[in-house]
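Down below is the structure, laid out as structure tokens.
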Number of protein chains: 2
Amino acid sequence: MAPKGGKFEIKTPKGTIDWDGSDMIIREKIFSTITEVFKRHGGVTIDTPVFELREILAGKYGEDSKLIYDLADQGGELCSLRYDLTVPFARYLAMHKNITQIKRYHIAKVYRRDQPAVKKGRMREFYQCDFDIAGAFDPMIPDAEIIRIINEVFDSLGWQGAYTIKLNSRKILDGIFQVCGVPENLIRPISSAVDKLDKMPWEDVRKEMVDEKGLDSAVADKIGKWVVLKGQRDLLEKLKQDEDLSANPSMQQGFADLEALFTYLEYFGALHTVSFDLSLARGLDYYTGVIYEVVTEGSAPEVSASAAASAAASDSLSKAPRKKSGKSGDPDEDRSNDPTVGIGSVAAGGRYDNLVGMFSGKSQVPCVGISFGIDRIFSITNARMKAQHKTEEPRKNDVDVFVMAFGGGKDFTGLLKERSEICASLWSAGIKAEFLYKLKPKFQNQFKAAEANGVPFALILGEDELAQGKARLKEMGLPDDHPLKEGELISLKTLAEDVQQRITRKKQLDALTQKAEGLRVVHGIKGEEVKSAATDSTTAESSQPVEQPAVQPAPAAPEATETVKS
Amino acid sequence: MAPKGGKFEIKTPKGTIDWDGSDMIIREKIFSTITEVFKRHGGVTIDTPVFELREILAGKYGEDSKLIYDLADQGGELCSLRYDLTVPFARYLAMHKNITQIKRYHIAKVYRRDQPAVKKGRMREFYQCDFDIAGAFDPMIPDAEIIRIINEVFDSLGWQGAYTIKLNSRKILDGIFQVCGVPENLIRPISSAVDKLDKMPWEDVRKEMVDEKGLDSAVADKIGKWVVLKGQRDLLEKLKQDEDLSANPSMQQGFADLEALFTYLEYFGALHTVSFDLSLARGLDYYTGVIYEVVTEGSAPEVSASAAASAAASDSLSKAPRKKSGKSGDPDEDRSNDPTVGIGSVAAGGRYDNLVGMFSGKSQVPCVGISFGIDRIFSITNARMKAQHKTEEPRKNDVDVFVMAFGGGKDFTGLLKERSEICASLWSAGIKAEFLYKLKPKFQNQFKAAEANGVPFALILGEDELAQGKARLKEMGLPDDHPLKEGELISLKTLAEDVQQRITRKKQLDALTQKAEGLRVVHGIKGEEVKSAATDSTTAESSQPVEQPAVQPAPAAPEATETVKS
């Protein structure tokens, strides 16, 4: 919105938000969980600029190129904000011809001028977490590891059984289109129409193919026979049994790929999470082989756009305003409450063997990768935590000790010197500590400040104790009958060590308590209460390696968000 | 540079770079070191969008506003890339009126269309690490804690004795200008001229004041008497003894501030790192109280611009091309090799009590903060490590186990199934593992791949051992006469536990070895070999709190860059 008469609204730009408080803590936890999985698979990280030369992005995103943010021409080079992390990665590989193999991860913001739905995690500025394996290897082994990584990420986030990896192959999809008789120039547009099958019924997709894109209706019907199918190895067998399909060279390559992939997924114990879904097409031009998309409850819209439109037409009192149900409304308007907008996929990716070559000319580096949509994952995680009444807010900061002055009366100095010096000695020992920025603070106000941040220990300074070279360390929140309710006197000479010892002991105790409550907590976090309809169609076919039960990584205690120094 | 005839150079935009390899690892280490200090002082983090509404940034940066990157007008709101993290923080506080006190840190990229000098860490896209204390408190206590935080950050980075915090007060500076007779409308321009005293001699600054800015030469001479002075409490006393200065109300406020500040810095053991420097003025408009800038060796240019210009004039064969010595050249050209460009300050900040009110209207939130320039800190750290022949590259990835197949002959299957399953069982146990993406890999190639990444353990699978339910775990790089040179057979039934145990044991041993070598390493990292001229003028006046030696945080072992889960 433009400023009104010199005044303007103090806000962030549309489709962007500030992150803070417990949201920030939950998001950091998601980042660290994902990073841990990436490192477990040998990932190394790189960081590319937030903007690229405009030519680098040109011709990579098909229709979606209109969503790219350009920088103003202020003289010098023309640049645009990055639309994803994949194209910058390919540009990086083309610039570094010595790198022929790399497993790289990259966690960073990307930018799309799309219509936002902020509450559903559909933002204009959003984080992607990408893992890509670049290099020429024996076919489908890295592709299978990417699927395994998807499993580990969502399992670590506690989503077991609550997500499905929809998987297809561009080679198979193109083979079907060829055999059904789609003209070469219509293959990508028809592919885009098929991709909408997760949002609208086949009848509507067929209509778009025939009426809008001019496809022969007999061809559309042939396509309709195939693209609605889902399965796994059984579906692969079904396709193979069709004589026309199995004679097509693109299909044959696709068959070989998926057969190998299913075998390797079995080795990795990851096959049961995959649904071979012929309706999955993906929009971007650069994919050349397997493609996949991870969906969960909430990914699909509550109602399809066409259903909403006909409901609105037949019921003029419908509460859903007309302009919300299509692209006819204000493109800046937030669609968080629009039932025709789902959260969409929470991760997506595929194989792109020719993208690096688009920059480097001859030298190709085949790549396969996955991109996790953190803002959508966050919005689901957050909603689940709220639904499970996990109202206990995480602590705002990590401070372990609040240093306080005890005293009142008219001779009370406030002990600022002593509080400062003792805080400094704790900081020097690496202990997280703070005190109130007041010359003569009231005792109650210091206590309140410590309680507000959930600081576990108070270090109380009093004239008398200081004269004896001592101070009182008190654990906050102990019950009235606890023997240490009033705290213990500790010597200033060994202050930092003694305080550190008490902090460590408390953390160990808390960890034990948490472990004891573990099953309940884990149950909650893992989201078992969330009904999973999405996985019903897949076969539960988990192969356990070498007679040994797969051990799930233990859920991390809250302290795990900190970086621990050795 | 514009594309030439359809083709264009594959590169990052000018003044931006890709980060990867050991640079990335060193930078992440710098981030985690700084974050640890921030958390130790109770900092909480927020994340704001990379672009802001253009009006938010307008009128905040004085002359430097011309360096702001604008986004193109593509319909909708007009936005610009953030220029720093301070203005977005003030905007955030103005939007969240419930937050009246916060210690917030923010580590993120900012953008300035300045002439770059990439090798000196002067970039157009660069990281800032900001810590700010917002809230109304008793004067100067938070300001002193910020200085203490600067100490802890640079000490943790191993820069003890190799940096100086130049400190001044806007109140004192403005008082001097008023007393010397600078007209009100010239105070900011004259202040900007004074700020150049770190780059050019007084004669040149005086010339700029009189010739360019039209200041009375007698007034300039009066100013010149003061602004060249440096000291600490002694300088404060000297100023106070001047009758004219001490009668000025702005000076009186400045005196009270600095007296309190020096006292509190003494409490914090931080006074010895500060140089009260009347030439420090800082460019930005929004400062209202104390200002500071951290300099180190390399901050100042090798030669002043004016000296370079006269050298070039007197010697037409001078190797330094004329256009490099001033602003007359191409503003996009990199000035990494220009001796008139120094690294500049490595951190800077100050008190800004009115900035939040510029957004929120009446409700002010006084703030004080510091911003660390990570790219400059990196370039100095990197140069020091190279100068000290620290050529040992950090490991590229964190993988602990490389799973290999042993065998050859024509019946060799390659054991892909077994390698995959065993890798999967290690991953499930949280162990970092990889294998070669080959159906039938050569043994030597697997070894080479493990060695190239410095992977510490090889898990070798052979038909015979597998038949016995076993595999061979071999530590890489053991000497020939080591009893475990050939590795040890471990059971597949307890594989993950046994492997984890060996990894943990090795890490403990490595940590001990490193500790034993610690003094040498620490000496190197701490940069004692770097001669510090900058601190000569400051008094070493360290006050140790409560009879207890301040313990420096131990330098972290390389493993500390990982996030450790409990």
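Provide the net charge surrounding residue A:486, with neighbours chosen by a C-beta distance below 15 Å and charges set as Lys +1, Arg +1, Asp -1, Glu -1.
Working: positive: A:470, A:472, A:474, A:485, A:502; negative: A:464, A:465, A:475, A:480, A:481, A:488.
The answer is -1.
Based on the Cβ-Cβ distance of residue B:67 and residue B:412, what FRET efficiency does E = 1/(1 + (r/R0)^6) give at R0 = 56 Å, to the nearest 0.05?
On the way: r = 63 Å, r/R0 = 1.12.
With R0 = 56 Å, the Cβ-Cβ based efficiency is 0.35.
What length, rounded to one decimal in nm, is gained on full extension from residue A:114 through to residue A:337, with 0.36 nm per residue of separation minus their alpha-carbon distance?
Numbers: separation 223, 0.36 × 223 = 80.28 nm, distance 1.61 nm.
Full extension from residue A:114 to residue A:337 adds 78.7 nm.
Shortest first and in nm to one decimal, what separations exist between residue A:225 and its copies in the other chains, measuring from label points 7 Å along the Cα-to-beta-carbon line?
Taking the point 7 Å beyond Cα along Cα→Cβ, the inter-copy spacings are 10.2 nm.
From the Cα gyration tensor of region A:104-260, with a ≥ b ≥ c the square roots of its eigenvalues, which class applies: rounded if a/c is under 1.5, or else prolate if a/b is larger than b/c, or else oblate?
In terms of gyration-tensor shape, oblate.
Between residue B:387 and residue B:445, what length comes free when the chain is fully extended (0.36 nm per residue of separation minus the Cα-Cα distance, one decimal in nm)? Can you show the working numbers first?
Working: separation 58, 0.36 × 58 = 20.88 nm, distance 3.48 nm.
Full extension from residue B:387 to residue B:445 adds 17.4 nm.
Where the label is 7 Å out from Cα toward Cβ, how close does residue A:65 come to the same position in every other copy, in nm, shortest first?
3.6
Provide an ascending nm list, one decimal, of label-point separations from residue B:246 to the equivalent residue in each further copy; define each label point as 7 Å from Cα along Cα→Cβ.
Nearest first, the other copies' label points are 10.3 nm away.
Could you list which residues have their amide H under 5 Å from that of residue B:352, counting only those 5 or more apart in sequence or on another chain, with H placed in the peptide plane?
Answer set, sorted by chain and number: B:288, B:367, B:368, B:369.
May I ask for the net charge around residue B:44, where only other residues with Cβ less than 10 Å from the Cβ of residue B:44 are counted and Lys, Arg are +1 while Asp, Glu are -1?
Details: positive: A:395, A:396, B:39, B:103, B:104; negative: A:20, A:398.
With Lys, Arg at +1 and Asp, Glu at -1, the net is +3.
Around residue B:142, under 10 Å between beta carbons, what's the net of Lys plus Arg minus Asp minus Glu among the other residues? List each step's numbers first, then the result.
Values: positive: B:103, B:351; negative: B:132, B:138, B:143, B:145.
Combined, the nearby Lys, Arg, Asp and Glu give -2.
Can you figure out the FRET efficiency of residue A:98 with residue A:78, using R₀ = 30 Å and their beta-carbon distance, to the nearest 0.05? Numbers along the way, then the final one.
Numbers: r = 29 Å, r/R0 = 0.96.
E between residue A:98 and residue A:78, to the nearest 0.05, is 0.55.
Just the number, please: Stokes-Einstein D of region A:364-476 in µm²/s, Kirkwood Rh from C-alpha pairs, 37 °C, 0.692 mPa s. Don't skip to the answer; put the middle values down first.
On the way: Rh = 17.1 Å.
For these conditions, the coefficient is 192 µm²/s.
Any of A:109/B:120; A:60/A:207; A:240/B:438; A:103/B:14; A:166/B:11; A:14/A:386 with alpha carbons more than 30 Å apart? Name them for me.
A:166/B:11
Heavy atoms only, 1.4 Å probe, whole protein assembly: order A:159, B:202 by accessible area, highest first.
Details: A:159 5, B:202 45 Å².
So, going from the largest accessible area down, we get B:202, A:159.
Compute the Cα gyration tensor for region B:65-186, then decide on rounded, prolate or oblate, letting a ≥ b ≥ c be the square roots of its eigenvalues: rounded whenever a/c is under 1.5, prolate when a/b is larger than b/c in the other cases, and oblate in all that remain.
Working: a/c = 1.29, a/b = 1.22, b/c = 1.06.
The shape class here is rounded.
Within straight cross-link reach of residue A:442, meaning Cα distance under 17 Å, which aspartates and glutamates are found once same-chain residues fewer than 8 apart are removed?
A:411, A:418, A:434, A:451, A:463, B:138
The values are calculated or read from the model by the stated rules, or taken from the named source; none is laboratory data. Since this is a predicted model, take the numbers as computed values, not measurements. Heads up, the Cβs are rebuilt from the backbone with ideal geometry, glycines too, and the neighbour counts pull from every protein chain shown. Ligands, DNA and RNA are stripped out before the accessible areas are found, and what is left, the full protein with its side chains, is counted by its heavy atoms. Shrake-Rupley method; radii C 1.70, N 1.55, O 1.52, S 1.80 Å.
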